[in-house]
1. Please verify whether Asn43 is over 23 Å from the mean Cα position of the chain (by Cα) and open to solvent by 20 Å² or more (accessible area, probe 1.4 Å), treating the condition exactly as stated.
2. Among the numbered criteria (1) touching a residue at least 40 places away in the same chain (Cβ under 8 Å); (2) closer than 18 Å to Phe167 by Cβ; (3) in a helix (DSSP H, G or I), which single criterion is violated by Arg82?
3. Could you tell me whether Glu9 is surrounded by 15 or more Cβ atoms within 10 Å (Cβ to Cβ), among the acidic types (Asp, Glu) and assigned to a strand (DSSP E or B)?
4. Given the structure, is Glu140 under 29 Å from the mean Cα position of the chain (by Cα) and at pLDDT 90 or above?
5. Could you grab me the full set of residues in region 119-146 that are exposed (fewer than 15 other Cβ atoms within 10 Å of the Cβ) and either in contact (Cβ under 8 Å) with a residue 12 or more places away in the chain or among the β-branched types (Val, Ile, Thr) (or both)?
6. Within region 44-74, how many residues are in contact with a Leu (Cβ under 8 Å, 6 or more places away or on another chain) and under 14 Å from Glu169 (Cβ atoms)?
7. Of all residues in region 19-33, which are more than 14 Å from Ile174 (Cα to Cα) and open to solvent by 70 Å² or more (accessible area, probe 1.4 Å)?
8. Looking at this structure, is Glu57 charged (D, E, K, R), closer than 30 Å to Ile176 by Cβ and not in a helix (DSSP H, G or I)?
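The values are calculated or read from the model by the stated rules, or taken from the named source; none is laboratory data. On a predicted model such as this, the values are computed, not experimentally measured, just so you know. Here the Cβ positions follow ideal geometry from the backbone for every residue, glycine too, while neighbour counts run over all protein chains shown. All accessible areas refer to the heavy atoms of the entire protein, side chains included, with ligands and DNA or RNA removed. Shrake-Rupley method; radii C 1.70, N 1.55, O 1.52, S 1.80 Å.
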Amino acid sequence: MNFHSKTFELLTIKSVLGFDQVKIYFEDDVSLDKSGTFTILANQYVGSFCFYNIQQESLKAFIAQADTSYLVQRLFKTQKWRPIQTGEEFIRWFAKNALDELKEARTNGVIDEYDLRSAYNEIVDLHFDTLNEFFNELSEDTFALFEKVYEEDWIYRQCPEVKSEEFIELSELIQIIQSACKQ
């Protein structure tokens, strides 16, 4: 016969990060496998996950020390990165990931300041759902500019991504919850 001993704890946090109320449920199963279910209810977000072999004295202690990104991904199935959706996001991504190659092309005279400014003005206000839409909206001149710098395979390089706003918001929430668990 297998007996399980479970403990339940409810933690409520009021008015945090725009959430009216956040309810956190800890369900410890102190059987041999030291597992527990952690559930969060916060406005439109509901996340729950059962953690096994937690190697801590309690689920609450495990949550307090766990990696924030890990908890967000487990509880809410939210990815840290999402594809870019605006021209402004593309320019920020580009400045962070490909600026050196662009500077080299400018220095070597492959592209000039006028072409670069025209491409910027064209891209900055674009909105799109997929990268294919983005590439289809570029003029021939702007597309050719990128080909000059990166050759024909430039669109097959790294897929431009930015941090998901949802992931950022949930990470901030998890950090507040982790702080509350440490008290």
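1. Working: over 23 Å from the mean Cα position of the chain (by Cα): no; open to solvent by 20 Å² or more (accessible area, probe 1.4 Å): yes.
It is false that Asn43 is over 23 Å from the mean Cα position of the chain (by Cα) and open to solvent by 20 Å² or more (accessible area, probe 1.4 Å).
2. (3)
3. On the way: surrounded by 15 or more Cβ atoms within 10 Å (Cβ to Cβ): no; among the acidic types (Asp, Glu): yes; assigned to a strand (DSSP E or B): yes.
When the stated conditions are applied, Glu9 does not pass them.
4. no
5. Within region 119-146, Tyr120, Val124, Asp125, His127, Asp129, Thr130, Phe135, Ser139, Asp141 qualify.
6. 3
7. Those that are more than 14 Å from Ile174 (Cα to Cα) and open to solvent by 70 Å² or more (accessible area, probe 1.4 Å): Asp20, Val30, Leu32.
8. Considered against the rule, which asks whether it is charged (D, E, K, R), closer than 30 Å to Ile176 by Cβ and not in a helix (DSSP H, G or I), Glu57 comes out as yes.
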